[in-house]
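Enquirer: This is the structure I want to talk about, given as structure tokens.
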Amino acid sequence: MSYFQIAIIPVPTAQKEAYLRVSTGMAPFFKEFGALQVFEGWGAFVPSGEVTSLPMAVQLGPDETVVTSFIEWPDMASAEACMTAMETDERIAALGDMPFDGKRMIFGTFETLLKA
């Protein structure tokens, strides 16, 4: 059964190209460690809620856009090996600083329950 990682990220709207550059640079790294699919989504319609919502969850600022990231892995071990390698791999460091506030990013890894 595959696993997937998701992240919800508040990205400064003016940093869209920088975010795409970093994401494009990271995708081959993820694939090297076995990622089956890598998706990035730039928020098009992400409404604020009254009780809860994605913008509220990441404390979205007025000059920011909600971005989603989705990586499918064949197994949890591949995902964990990649995340560990990212901490010290020079190729990731060479991409530069992430163009967002990582403290407000929400992420997690999940076991696939249904894939239709």
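Enquirer: Pop a pseudo-label 7 angstrom from the Cα along the beta-carbon direction at both Ser53 and Leu36 and give the gap in nm to one decimal.
Expert: If labels sit at Ser53 and Leu36, their model points lie 3.3 nm apart.
Enquirer: Mind checking the alpha-carbon convex hull of region 31-76 and giving the volume per residue in Å³? Could you put the intermediate results ahead of the total?
Expert: Values: hull volume 5.0 nm³, N = 46.
Value for region 31-76: 109 Å³ per residue.
Enquirer: Let me ask something else. For volume of the Cα convex hull per residue in Å³, several values are listed as [x] 99; [y] 85; [z] 117; flag the one computed from this structure.
Expert: Step by step, volume of the Cα convex hull per residue in Å³ for this structure corresponds to label [z].
Enquirer: Can you return the aspartates and glutamates within cross-link range of Lys115? Criterion is Cα-Cα under 20 Å, with same-chain partners fewer than 8 residues away left out.
Expert: Qualifying aspartates and glutamates at Cα under 20 Å: Glu40, Glu72, Asp75.
Enquirer: For a quick check: with amide H placed at 1.01 Å from N, whose amide H comes under 5 Å from Asp75's, ignoring anything fewer than 5 positions away on the same chain?
Expert: Tyr3
Enquirer: Determine the share of the chain's accessible area contributed by carbon and sulfur atoms, expressed in whole percent, with a 1.4 angstrom probe. If you can, show how the numbers build up before the last one.
Expert: On the way: 4420 of 7320 Å².
Its accessible area is 60 percent carbon and sulfur atoms.
Enquirer: What is the angle, in °, between the Cα long axis of helix 76-86 and the longest principal axis of the Cα atoms in the chain? Nearest 10 is fine, range 0 to 90.
Expert: 80
Enquirer: With an 8 Å Cα cut-off and a minimum separation of 6 or more residues, compute the relative contact order for the chain in percent. Kindly include the intermediate steps, with their values, before the conclusion.
Expert: Details: 180 pairs, mean separation 57.3, N = 116.
Computed value for the chain: 49 percent relative contact order.
Enquirer: Roughly what angle does helix 16-32 make with the longest principal axis of the chain, taking Cα atoms, 0 to 90 degrees, to the nearest 10?
Expert: Taking the Cα atoms of the chain, the angle to 16-32 is about 20 degrees.
The values are calculated or read from the model by the stated rules, or taken from the named source; none is laboratory data. Every value quoted in this text rests on a predicted model; they were computed, and no experiment measured them. Positions of Cβ are generated from backbone atoms using ideal geometry, with glycine treated the same way; all protein chains shown enter the neighbour counts. Keep in mind that these areas ignore ligands, DNA and RNA; they rest on the heavy atoms of the full protein, side chains included. Shrake-Rupley method; radii C 1.70, N 1.55, O 1.52, S 1.80 Å.
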